[in-house]
1. Between Rg and the Kirkwood Rh of segment 60-163, both from Cα atoms, what is the Rg to Rh ratio?
2. Where does each of 68-75, 114-121 land if you order them by average Cβ count within 10 Å, highest first?
Amino acid sequence: MSQRPSARRHAQQKARSESEAPMARQAGHPGLREGEAAAQGVRLDKWLWAARFFKTRSQAGEAVEAGRVRIQGDRPKPARLIRLGDTLEVRTPAGIFLLTVRGLADRRGPASLAQAMYQEDPESRLARERLAALQRAEAMIRPWKGRPTKRERRVMLRFHPVE
């Protein structure tokens with residue numbers, strides 16, 4: 001007796017995933033480049049996307065075009081190839097990252113591998129943490145966002161009267 005087409009397809013997919021699973025675990029990140037491929041480099045916009053600084057590759061390209069990314073102090077184009085050891089300065093809404101490239105990938109993978117692709121400067125990390133603490137303090141002082149309502153304006157005037 002023959003199986004239904006959907007059941008047969010399900011069995012084939014299950015067998016394929018079971019046979020490929022051990023190889024995928026051993027291979028590591030599918031887009032990670034090693035050896036000769038790493039010597040050639042990876043496009044800057046692809047690397048920024050793979051390292052999870054931007055959600056999409058087009059956002060990464062726009063940031064590079066806008067001058068929010070620098071390589072060794074120079075303003076690059078999105079297609080510029082980066083190599084191991086390059087120094088990057090990346091400006092995002094989260095702050096300024098000063099990085100050294102430690103790994104190359106042209107595909108997006110798990111966050112743990114993305115973080116292993118770069119090493120952040122300790123001063124850069126401290127500056128971002130100070131900025132985040134300042135933003136949290138400002139949010140506590142002024143809990144509303146945007147233009148205050150009439151009631152919120154009256155509360156503000158109680159503390160800061162207009163002369």
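1. Values: Rg = 19.9 Å, Rh = 16.9 Å.
Ratio value, two decimals: 1.18.
2. Working: 68-75: 14.0, 114-121: 16.1.
Listed from highest to lowest mean packing, they are 114-121, 68-75.
Values in this text are rule-based calculations from the coordinates and carry no lab data. Because the structure is a prediction, the values reported are computed rather than measured. Ideal geometry is used to build each Cβ from the backbone, glycine not excepted, and the neighbour counts take in all protein chains shown.
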